[in-house]
Structure formats: C-alpha cells, structure tokens
1. Just to be sure before I move on: is residue 45 open to solvent by less than 10 Å² (accessible area, probe 1.4 Å) and touching a Lys or Arg at 6+ places or on another chain (Cβ under 6 Å) in the structure I sent?
2. Could you look through the range 1-25, keep only residues that are within 13 Å of the chain's Cα centre (by Cα) and of a type in the set (Gly, Ala, Ser), and pick out the one that is most open to solvent (accessible area, probe 1.4 Å)?
3. Report, by residue number, each residue of the range 106-119 that is within 11 Å of the chain's Cα centre (by Cα) and either open to solvent by 50 Å² or more (accessible area, probe 1.4 Å) or farther than 19 Å from residue 187 by Cα (or both).
4. Counting just the residues of the range 1-47 that are polar (S, T, N, Q) and in contact with a helix residue (DSSP H, G or I) (Cβ under 7 Å, 6 or more places away or on another chain), which one comes out farthest from residue 67 (Cα to Cα)?
5. Can you tell me which of 81, 50 is in contact with a helix residue (DSSP H, G or I) (Cβ under 6 Å, 6 or more places away or on another chain) and surrounded by 19 or more Cβ atoms within 10 Å (Cβ to Cβ)?
6. Show the residue pairs meeting these rules: Cβ distance below 9 Å; 6+ apart or different chains; first residue within the range 75-86 and more than 9 Å from residue 54 (Cβ to Cβ); second residue open to solvent by 40 Å² or more (accessible area, probe 1.4 Å) and in a loop (DSSP other than H, G, I, E, B).
Amino acid sequence: SRAMVQELRHGADAILTGIGTILSDDPLLTDRSGRERRRPLLRIVLDASLRLSVDSQLVRTVNQDVLVFHTKPSVKRAKALRERGVRVERVAPDPGTGLVPMRAVMEHLAQMEMIGVILEGGSQINASALAAQIVDKLFLFYAPAIYGDAAVPVVRSLEPNTYFATRMDSYRLHELGEDFAVEGYLHNPWESA
C-alpha cells in the first residue's frame with residue numbers, strides 16, 4: 001500500500017491534507033518514489049485557524065513547496081510561516097462551515113496549473129471534498145487490521161443523497177500483499193472539458 005501511495009504521489013502535482021492530519025501525524029508529505037519529477041510536489045495544508053507549527057516536519061523541510069490556506073486573520077503566525085518559506089494564502093471561509101472552502105482552493109490550484117491533486121486527509125477533509133463535488137477518483141486502501149472505536153472514519157457525516165452516494169462509473173481492485181485497494185471514478189474529469 002505504501003509503495004502504491006508513493007506512485008500516486010509521484011504522478012500528482014500536489015498533495016493536500018488538513019491541519020488535523022498534520023497535528024496528529026506530523027507527516028512530510030513527500031514523493032519518495034526516487035524518480036525525477038516534471039515539477040516539485042506542492043504540499044498543501046488546509047488550516048482555517050493557522051495552527052501549523054513552525055517546528056513541524058513540513059515547515060522544517062520547506063523548499064518553496066508548502067502552501068497553507070487559512071480563513072482567519074493571524075498576522076503573527078502568518079509572518080512566522082512566511083519567514084520560513086511557507087506560502088500562506090487567506091481565503092474567505094465557507095459560509096456553512098467556517099472552514100477553508102474546497103472549491104475555492106481547487107480554483108486557486110487550477111490557476112497555478114495544478115493538474116492532479118491528491119487528497120490524503122482525515123474524515124473532515126474527505127467529507128468536505130466529496131460534498132464540494134471536486135473528487136473525480138477515489139483510492140480506498142484496506143489493511144487487515146482492526147482499530148475499534150478510536151479509529152478515524154474515512155468520511156465524517158455527509159448528507160444523504162450526496163455526491164458520495166453515487167455509484168462509481170468504473171472501478172478496479174488492486175491486490176497489494178495482505179492489503180488491497182479499490183480504485184474508482186466518481187466523475188469523468190474530461191466530460192466537461
């Protein structure tokens with residue numbers, strides 16, 4: 001599974017996650033495939049309150065490749081991040097949730113000519129992306145482990161009849177040792193092009 005994730009990262013222009021993932025896992029969010037890229041992988045964090053620590057691995061390894069979207073004025077924190085090379089963008093909050101609006105982020109990334117963006121987030125990011133109808137393709141990885149009540153759900157509460165409730169147009173099963181992944185399209189990204 002981990003090797004396949006690195007292949008997916010290698011094929012993308014950007015990787016996007018939420019501040020919850022950063023605070024709980026402190027990931028690097030890098031392409032460790034070892035292969036040459038056409039452009040550096042942009043590492044994106046949605047962080048409405050700008051809680052990203054300057055001591056996080058992401059900030060410590062910045063090389064003009066970290067972009068943080070936030071919604072609340074936080075001049076001191078934004079300045080500290082910018083001084084370390086992080087690009088910080090303030091956007092208007094989603095009127096319903098107060099969170100960073102997924103559609104506005106995708107429009108911003110499209111202007112930057114980002115063609116493929118991987119979302120590697122927790123349930124809040126996944127639910128927001130699905131509700132905003134910006135997801136074309138899903139990769140769901142499964143491992144033979146039982147997490148119990150403390151496990152983080154893949155998607156946090158979505159309204160019935162949402163985009164996620166539609167069936168996948170096509171899907172494929174990948175066997176990855178003891179793990180497996182389901183790859184499927186929710187939307188054909190080329191039909192409106």
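1. Judged against the criteria, residue 45 is not a match.
2. 20
3. 119
4. Once the filter is applied, the top-ranked residue is 33.
5. Working: 81 fails: in contact with a helix residue (DSSP H, G or I) (Cβ under 6 Å, 6 or more places away or on another chain).
Among 81, 50, only 50 is in contact with a helix residue (DSSP H, G or I) (Cβ under 6 Å, 6 or more places away or on another chain) and surrounded by 19 or more Cβ atoms within 10 Å (Cβ to Cβ).
6. As it stands, the answer is 85/63; 85/64, since those pairs meet every condition given.
The values are calculated or read from the model by the stated rules, or taken from the named source; none is laboratory data. Just so it is clear, the structure is predicted and the values come from calculations on it, not from any experiment. Neighbour counts are summed over all protein chains in view; Cβ atoms, including those assigned to glycine, are modelled from backbone coordinates with ideal geometry. In case anyone asks, the SASA skips ligands and DNA or RNA and just uses the protein heavy atoms, side chains included. Shrake-Rupley method; radii C 1.70, N 1.55, O 1.52, S 1.80 Å.
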